[in-house]
1. Taking into account only those residues within region 256-276 that are more than 13 Å from the chain's Cα centre (by Cα) and more than 20 Å from Ile153 (Cβ to Cβ), which is farthest from ligand 3 (Cβ to nearest atom)?
2. When you go through Asp208, Asp147, Asp184 one by one, which is the residue that is at pLDDT 95 or above, out of contact with any helix residue (DSSP H, G or I) (no Cβ under 9 Å at 6 or more places or on another chain) and either among the charged types (D, E, K, R) or farther than 30 Å from Ile3 by Cβ (or both)?
3. Looking at region 293-312, is at least one residue among the aromatic types (Phe, Trp, Tyr) and within 14 Å of Ile134 (Cβ to Cβ)?
4. Considering region 9-27 alone, what residues qualify as being assigned to a loop (DSSP other than H, G, I, E, B) and within 11 Å of ligand 1 (Cβ to nearest atom)?
5. Quick check on region 1-60: of everything there that is touching a strand residue (DSSP E or B) at 6+ places or on another chain (Cβ under 8 Å) and of a type in the set (D, E, K, R), which residue is farthest from ligand 3 (Cβ to nearest atom)?
6. Kindly establish whether Ile134 is over 19 Å from Ile33 (Cα atoms) and within 16 Å of ligand 2 (Cβ to nearest atom).
7. What single numbered condition from (1) farther than 25 Å from Pro329 by Cβ; (2) in contact with a His (Cβ under 6 Å, 6 or more places away or on another chain) fails to hold for Ser8?
8. Output the residues belonging to region 76-129 that are surrounded by 22 or more Cβ atoms within 10 Å (Cβ to Cβ) and among the β-branched types (Val, Ile, Thr).
Amino acid sequence: VIIMSIESSCDETSCALVKNGREVLSNIIYSQIDIHKKFGGVVPEIASRNHLEKISQVIDEALEGADLTFNDVRAIATTYGPGLVGALLVGMSNAKALAYSLGVKLIPVNHIEGHIYANFIEHKELEPPFVCLIVSGGHSHLVYMSDYGKYEILGKTRDDAVGEAFDKVARTLGLGYPGGPKIDALAKSGNPNAIEFPRVYLEKDSLDFSFSGIKSSVLNYINSCKMKNIEIVNEDVAASFQQAVVEVLSVKLIRAAKLKKVKNIVLAGGVAANSGLRNYLISLSKENDLKLYFPSIELCTDNAAMIGSAAYYEYISGADADLNLNAVPNLKLGEKRYAGSK
Ligand code: ATP
Ligand code: MG
Ligand code: FE
């Protein structure tokens, strides 16, 4: 079964062709990062306009890249939430038009669930059950995935998402957008023990997160350095901030794995690209006799291949939306909000 998938929830316009949920035939990603950079973040109206300009080209390139035609496509998948409504609508309308004209099924996919499925593409042996840490630009979740399409949220952030915290700290340091990769790069030459930023674990046994406190601590540290005329070493700030965040995320992921008695732990979302997080968890998972999975850097951030993978499992469980499908900007993990959902 070959599924064409379209992703346009934020600032990547992407189309992929994926076979049986695990084999990527093509995955074309057009990123708008260079356009939004000068504004220091994603501007929704500009995102929609650029999706509109690129979507047809991205779809054509996906077919060309896989050396296929529309006749080979069995279903059209689209991200329908969460994300920016105007951005989502561009990919979704194109998906609807294609599904209608080709007479194939329309499969709506939850973007955050898609991030988890990026792992299935590269790790053919990976199957649920497992515990997944989803850390992206807008979400931070600890999830127990008992089966395809079955999620239990064990914990989530009470304020900022991890990616958001990275981006804000980067902005404070004047590093530009998106900040995550820049903090990651700087941290490599910094001392993670230089500055003692708080590790926020919340109540005993809680699997929730809070990142607004550490963000403020970094801000306070920088301001007090400026006031006292102390030199700010960006590398040390980046390394110390990253270390504090990585420790909390990792400790809670391991705790969740023990709680659910699973052997496999999985990372997903843009922040799963972070080398500090990956390296820390590589050793922590060994110590705890757990097997760690994460996607390659390209599949951590937004792409349509992960949507195509999730869509396959929806397809075999009978998903088929009608043309009234609408974008759901605040769609929750594990939630289905469309007519025809089973
Ligand atoms: P969501 O998936 O929650 O809707 P999004 O799609 O905007 O949000 P992603 O594309 O999954 O988010 O991830 C982007 C985020 O990942 C940004 O906040 C970015 O700074 C962060 N990020 C990317 N690479 C790294 C890295 N190497 N280290 C830390 N953060 C990173
Ligand atoms: Mg993005
Ligand atoms: Fe995302």
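1. Lys263
2. Asp147
3. Looking only at region 293-312, we keep the residues that are among the aromatic types (Phe, Trp, Tyr), and these are 293-294, 312.
Add one more test, that the residue is within 14 Å of Ile134 (Cβ to Cβ), and what stays is 293-294.
Yes, the conditions are met somewhere in region 293-312.
4. Passing the criteria: Ser9, Cys10, Asp11.
5. Checking each candidate, the answer is Lys19.
6. Working: over 19 Å from Ile33 (Cα atoms): yes; within 16 Å of ligand 2 (Cβ to nearest atom): yes.
Judged against the criteria, Ile134 is a match.
7. (1)
8. Across region 76-129, the qualifying residues are Ile76, Thr78, Thr79, Val90, Ile107, Val109, Ile112, Ile116, Ile121.
The values are calculated or read from the model by the stated rules, or taken from the named source; none is laboratory data. Small disclaimer: the values here were computed from a predicted structure and weren't measured. Glycine also receives a Cβ, built like all others from the backbone with ideal geometry; neighbour counts cover every protein chain displayed.
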